[in-house]
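The values are calculated or read from the model by the stated rules, or taken from the named source; none is laboratory data. Quantities reported herein were computed from a predicted structural model and do not represent experimental measurements. Heads up, the Cβs are rebuilt from the backbone with ideal geometry, glycines too, and the neighbour counts pull from every protein chain shown. Heads up: the accessible areas ignore ligands, DNA and RNA and are worked out on the full protein's heavy atoms, side chains in. Shrake-Rupley method; radii C 1.70, N 1.55, O 1.52, S 1.80 Å.
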Amino acid sequence: MNGELQASLVELIRRTSAEMPDDVARAIVAALEREQKGTIAESAMKIIQANIELARRKSQPICQDTGSILFYVDCPVGYDQIAFEETAREAVKLATRKGYLRQNSVDSLTGKNDGTNVGPGSPTLHFHQHRSPDVYVRLILKGGGCENVGAQYSLPDERLGANRDLAGCRKVILDAVLQAQGKGCGPGVLGVCIGGDRATGYEFSKQQFLRRLDDRNPNPVLDELEQDIVRTANELGIGPMGFGGWTTLLGAKICAVNRLPASFFVSVSYMCWAFRRQGVKLDAQGRIVEWLY
């Protein structure tokens, strides 16, 4: 067991659980300034902002649902992925004992909770090899409430009049926002994948949450769609927690991957306002040398 790596992963978990990334914090502040003074929407955003500050100051989880534990690891060729996974599982157990993670991973057949947050599929690890000596570890803690309002569409969708084109994609993405209103702890962020199969579509959609909220899509077509989705969603009047107002979405991040001619899926993952995402660069011993967000 690599003690340095375990300590680094425990600290990554602590900070991800308790501290909002700077880009998300800025988006929350901007959203609060947008809301009309004296409205329920403004009150909801003030409570969210206070919750963020309290969690950071006391180093406690931002939300009682500390969520699914998703590690994304970029590593050099030859990196011992088995050892990393073993260390990550022990780090999750330790972080749970320390209170950085709530004991909320249960056996799907029995409902039993062993209090460790470790079991089949928990934590989830995604490894990607690259031709670089550096190791980057990114972590997303994704709550169950926002996971419940994710959606996947198969185009054409006759109910929505959505065809297999960009306009059809826009219709179903906005429908997902409409169906989520009042649920999923908005204002939210969308991660969207156009294409793929049913499994990879959702996988790629969640990878969009690794992007910063203030970045711009290098694909001009997708960039325009992202800006349009956020602008249109925020004109729907859903607002924070479904109370009305001007902030339904904090952002939308969209990718497109190849598909089979017979299929046209649009997969929409939803992230709540408690956008818990952080990352680190590690040295050869597993020590943190840089924070990524």
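So the values come out like this:
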{"item": "Hull volume in cubic angstrom per residue (convex hull over the Cα atoms of the range 27-86)", "result": "142"}
{"item": "Simple spin-label estimate for Ala7 and Ile82 in nanometres, 7 Å along Cα-Cβ", "result": "2.7"}
{"item": "The chain: most fluctuating residue of Asp80, Asp214, Asp223 per GNM, C-alpha cutoff 10 Å", "result": "Asp80"}
{"item": "Debye, to nearest 20: dipole size of the chain, +1 on Lys, Arg Cβ, -1 on Asp, Glu Cβ", "result": "560"}
{"item": "Tyr270 accessible area, assembled protein chains, probe 1.4 Å, Å²", "result": "10"}
{"item": "Accessible surface of the range 145-271, 1.4 Å probe, proportion on carbon and sulfur as whole %", "result": "53"}
{"item": "Distance from the range 237-253 to the range 119-161 (C-alpha centre basis), Å", "result": "22"}
{"item": "Cysteines (scope the chain) whose Cβ has no counterpart Cys Cβ under 4.7 Å", "result": "Cys63, Cys75, Cys169, Cys193, Cys255"}
{"item": "Using alpha-carbon coordinates, inclination of helix 220-233 to the longest axis of the chain, degrees", "result": "70"}
{"item": "Val221 accessible area, assembled protein chains, probe 1.4 Å, Å²", "result": "80"}
{"item": "222 nm mean residue ellipticity, helices alone, for the chain (DSSP H n ≥ 4; -39,500 (n - 2.57); rounded to 500)", "result": "-12000 deg cm²/dmol"}
{"item": "The chain: angle of helix 3-18 to the longest principal axis, Cα-based, in degrees nearest 10", "result": "30"}
{"item": "D (Stokes-Einstein, µm²/s), Kirkwood Cα radius, the chain, 1.567 mPa s at 4 °C", "result": "65"}
{"item": "Quotient of C-alpha Rg and 2.2 N^0.38 Å, computed over the range 116-230", "result": "1.20"}
{"item": "Sites Thr110 and Leu54 - FRET efficiency at Förster radius 30 Å, r taken between beta-carbons, to 0.05", "result": "0.30"}
{"item": "Projected area averaged over orientations for the range 50-127, convex hull of C-alpha atoms, nm²", "result": "6.2"}
{"item": "Whole-Å distance, taken between Cα centres, linking the range 1-49 and the range 184-207", "result": "21"}
{"item": "Note, ³J(HN,Hα) from phi for the range 275-292, Karplus 6.51, -1.76, 1.60, rounded to Hz, x at Gly and Pro", "result": "7, 8, 8, 8, x, 9, 9, 10, 8, 5, 8, x, 7, 6, 10, 6, 9, 8"}
{"item": "Interchain or long-range residues, amide H under 5 Å from Lys253's placed H", "result": "Leu190, Gly191, Val192"}
{"item": "Degrees separating the helix 81-97 axis from the principal Cα axis of the chain, which is the longest one", "result": "80"}
{"item": "Given Lys58/Lys112; Lys58/Lys93; Lys58/Lys253; Lys183/Lys281; Lys93/Lys206, the pairs whose alpha carbons are separated by over 28 Å", "result": "Lys58/Lys112; Lys58/Lys253; Lys183/Lys281"}
{"item": "Lys, Arg +1 and Asp, Glu -1 on Cβ, resulting dipole of the range 145-271 about Cα centre, debye, nearest 20", "result": "140"}
